[in-house]
Amino acid sequence: MNRLIQRLIRFLGISQETEAFKWSQSKAYAQRIEWIKNTWILSGIIMLIIAHPAFILLFSSFLVFLSFAFLEP
């Protein structure tokens, strides 16, 4: 999978020297991705337990906001 992503980056001509790209390759970024993944798994279980459409919509929207905010350097 990693090899495919690297080939795609080279094919699209994405610069690997930018601060944003270097941040996405750091250990801190990988740890944040793990936190977000685990948060989404736990939240998905909570949403399945509560099973109320309005709650699911609002809660998942809030989680999307938190995910983007948490990934900022």
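We did not get these values from a lab; they are worked out from the coordinates using the rules stated. Note that the structure is predicted; figures quoted are calculated from it, not measured.
Details
- Helix 53-71 vs. the chain, principal-axis angle (Cα, 0 to 90°, nearest 10): 30
- Residue among Ala20, Ala54, Ala28 with the largest mean-square fluctuation in a Gaussian network model of the chain, springs linking Cα atoms under 10 Å: Ala54
- Tail fraction, Cα-Cα pairs, the chain, threshold 15 Å, whole percent: 66
- Angle of helix 2-12 to the longest C-alpha principal axis of the chain, folded into 0 to 90 degrees and rounded to 10: 70°.
- GNM result for the chain, Cα springs below 10 Å: residue of Phe11, Phe59, Phe21 fluctuating most strongly: Phe11
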